[in-house]
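These notes concern the structure reproduced below.
The values are calculated or read from the model by the stated rules, or taken from the named source; none is laboratory data. Here the structure is a predicted model, which is why all the values come from computation and not from measurement. In this analysis, Cβ positions are derived from the backbone assuming ideal geometry, glycine residues included, and neighbour counts consider all displayed protein chains. Areas reflect the complete protein model, heavy atoms only, side chains present, ligands, DNA and RNA absent. Shrake-Rupley method; radii C 1.70, N 1.55, O 1.52, S 1.80 Å.
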Amino acid sequence: MAVRALTGDGHDGARYLLSGPAVLTQAEQLAAIGQALGRELHWEDLPRQAALEALAAAWGDPAFAETALDAWEWFVDHPETVTSVVQDVTGAPARSFADWAAANAAAFR
């Protein structure tokens, strides 16, 4: 998608909302990563304040950490929208999250 958008005609100034082919919750994404790793992974919620403090310390920006937590919290119950943009622009279907997780399993080890 990036190669087409950066090198092809007709993409100047375009903004694309990219997605995979299916709606997945964060828990389903975690399960796909676990499957790619060959082991079960577990979701563990942190108290918001503890997560905020850890992210602010790691990133050095409490406001950014707060914004990230707000977005992640929203995505728990509101998964991102599926679009046809990848298919429309490239002519090929978007890769599934499970395929992406399998291709990037080493990054999760």
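Brief remarks follow.
- Filter result (within 16 Å of VAL76 (Cα to Cα) and open to solvent by less than 50 Å² (accessible area, probe 1.4 Å)) within the stretch 31-50: ALA32
- Single match in ASP12, ASP61 (criterion: open to solvent by 80 Å² or more (accessible area, probe 1.4 Å) and farther than 29 Å from ASP99 by Cα): ASP12
- Yes/no for LEU24 being without any contact (Cβ under 8 Å) to a residue 60 or more places away in the chain and either within 18 Å of the chain's Cα centre (by Cα) or surrounded by 15 or more Cβ atoms within 10 Å (Cβ to Cβ) (or both): no
- Taking the stretch 81-98 as the range and being closer than 23 Å to ARG4 by Cα and in contact (Cβ under 8 Å) with a residue 60 or more places away in the chain as the test, the residues that pass are THR81, VAL82, THR83, VAL85, VAL86, VAL89, THR90, PRO93, ALA94, ARG95, SER96, PHE97.
- LEU55 in contact (Cβ under 8 Å) with a residue 24 or more places away in the chain and not charged (D, E, K, R): no
- Annotation: of all residues in the stretch 2-29 being touching a Phe, Trp or Tyr at 6+ places or on another chain (Cβ under 8 Å), of a type in the set (A, V, I, L, M, F, W, C) and under 23 Å from HIS42 (Cα atoms), the one that is modelled with the highest pLDDT is ALA22.
- Residue ID - modelled with the lowest pLDDT, chosen from residues in the stretch 76-91 that are surrounded by 14 or more Cβ atoms within 10 Å (Cβ to Cβ) and in contact with a helix residue (DSSP H, G or I) (Cβ under 9 Å, 6 or more places away or on another chain): PRO79
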